[in-house]
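One structure is given here, and the rest of the page talks about it.
Every number in this text was worked out from the coordinates using simple rules, so none of it is lab data. None of these values were measured; they are calculated from a predicted model. FYI the Cβ positions are ideal-geometry reconstructions off the backbone, even for glycines, and counts take in every protein chain you see.
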Amino acid sequence: MPDTPPIEFRDAEFDIGPCASLLQAMRDEMRELYDGLDMDSDDMPRAGAAELGPPTGALIVGWTDGEPVCVGGLKRLDDHACEIKRMYVAPGWRGRGVARALLGELEATARRLGYELARLDTGPRQQGARGLYESAGYTEIENFNANPVAAFWGDKSLL
């Protein structure tokens, strides 16, 4: 794997600028991967501006050389646990360690917000994501969020 480029992570707002563009690209990719999936439908776990915003959530964009290359968020599940949501790396930046850096930054953000446990999920057509999560220490758990397209649910202690 090539060296991970230097990434500057910045807080972002859901519907504004590069964050909105990256989130739309993620929705488009998921729609293609999962036969028309609408990530904002009523049967999907909520992960919009309200869930991914302060004070209990966060949304960040990673920048390299002035270019937005990734996005990810977290939302509160309870006082001790959060869920990592909407992780996405622009296709031209994949395979370079950007997703691992993004995951690490989201975990650090969760710790700063006082969370002790991070949870996440991924679908059956995203084996690379599952491999990343397991290699980063996420252990498989039962379905915690009723995501109808997920095939892996994991959690990791942040302590």
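Cut-off is 10 Å between beta-carbons; in what order do TRP63, TRP153 appear when sorted fewest neighbours first? Before the final figure, lay out the partial values.
Numbers: TRP63 16, TRP153 20.
By the 10 Å Cβ count, ascending, the order reads TRP63, TRP153.
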For ALA81, what charge total do you get from the other residues with a beta carbon under 9 Å from its beta carbon, if Lys and Arg give +1 and Asp and Glu give -1? -3
Taking a quarter of the surface of the Cα convex hull of the stretch 15-100, what do you get in nm²? 6.5
By what distance, in whole Å, do the Cα atoms of the stretch 68-155 stretch along each of the three principal axes, largest value first? 36, 29, 20
